[in-house]
1. In the stretch 47-79, which residues are in contact with an Asp or Glu (Cβ under 9 Å, 6 or more places away or on another chain) and surrounded by fewer than 21 Cβ atoms within 10 Å (Cβ to Cβ)?
2. Within the stretch 33-46, track down each residue that is among the aliphatic types (A, V, I, L, M) and open to solvent by 30 Å² or more (accessible area, probe 1.4 Å).
3. Could you tell me whether any residue of the stretch 56-75 is touching a residue at least 40 places away in the same chain (Cβ under 8 Å), over 14 Å from the mean Cα position of the chain (by Cα), farther than 20 Å from Glu94 by Cβ and not in a helix (DSSP H, G or I)?
4. So in the stretch 94-112, with the set limited to residues that are open to solvent by 60 Å² or more (accessible area, probe 1.4 Å) and modelled with pLDDT of 80 or more, which one is farthest from the chain's Cα centre (by Cα)?
5. Go through (1) at pLDDT below 90; (2) of a type in the set (D, E, K, R); (3) in contact with a Ser or Thr (Cβ under 9 Å, 6 or more places away or on another chain) and name the single condition Arg11 misses.
6. From (1) touching a Phe, Trp or Tyr at 6+ places or on another chain (Cβ under 7 Å); (2) modelled with pLDDT of 90 or more; (3) within 19 Å of Lys137 (Cα to Cα), pick out the condition that doesn't hold for Val88.
7. Can you find even one residue in the stretch 27-42 that is modelled with pLDDT under 90 and either under 16 Å from Lys137 (Cα atoms) or not in a strand (DSSP E or B) (or both)?
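The values are calculated or read from the model by the stated rules, or taken from the named source; none is laboratory data. Bear in mind the structure is a predicted one, so any value in this text is a computation, not a measurement. Note that we place each Cβ from the backbone using ideal geometry, even for glycine, and neighbour counts take in every protein chain shown. For the accessible areas, the whole protein counts, side chains as well, though only heavy atoms, and no ligand, DNA or RNA atoms are used. Shrake-Rupley method; radii C 1.70, N 1.55, O 1.52, S 1.80 Å.
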Amino acid sequence: KETALMADTARLLRAQPGSATAFKAKETAVSAARAYIEEALEACELTHLMDDAKLIVSELVTNAIRYTTDVVVVQWSVSEDAEFVIEVGDSAPELPEIATDDALSLHGRGLVIVAAVADDWGAHRIEGGKITWATLKIQSA
């Protein structure tokens, strides 16, 4: 099974090395990003990751448009470690943190959801902003 997973990962890296697109930082970016990730997963034959990946990208893009006013960049790739990687870039320099203080707050649960669903997640600063990312292990459905 491990060898088959490595072969599938190699095939995906050759056929679909990844892609990126930009959306205006407004509410419509969330549904557009979900559709973008859905198309990527269908093209890569990774539809078993669909629900989790769409939830993750929704939460990451929602955070991004909350803190920036220009564009949000969504990128996906398949790593050599057999992971589907979702990255969301924006121009806000502040790194996201999981909110832990107010259980009744209307905001702050997105990263809790991402942390629960993703195999890993994080964020790092780049020139002109930051990238928040999450990974899902590619396992046979």
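1. Thr47, Met50, Lys54, Thr62, Tyr67, Thr68, Asp70, Val71, Val73, Gln75, Ser77
2. Quick first cut of the stretch 33-46, residues among the aliphatic types (A, V, I, L, M) only: 33, 35, 37, 40-41, 43, 46.
Listed by number, the residues that qualify are Ala35, Ala43.
3. So far as the stretch 56-75 goes, no, none of its residues is touching a residue at least 40 places away in the same chain (Cβ under 8 Å), over 14 Å from the mean Cα position of the chain (by Cα), farther than 20 Å from Glu94 by Cβ and not in a helix (DSSP H, G or I).
4. Filtering the stretch 94-112 for residues open to solvent by 60 Å² or more (accessible area, probe 1.4 Å) gives 94-95, 97-98, 100-104, 106-107, 109, 112.
From the residues that got through so far, the ones that are modelled with pLDDT of 80 or more too are 94-95, 97-98, 112.
Working: Glu94: 18, Leu95: 15, Glu97: 16, Ile98: 16, Val112: 14 Å.
Of everything passing the filter in the stretch 94-112, Glu94 is farthest from the chain's Cα centre (by Cα).
5. (3)
6. (1)
7. From the stretch 27-42, those modelled with pLDDT under 90 are none; that's our starting set.
No - not one qualifying residue is present in the stretch 27-42.
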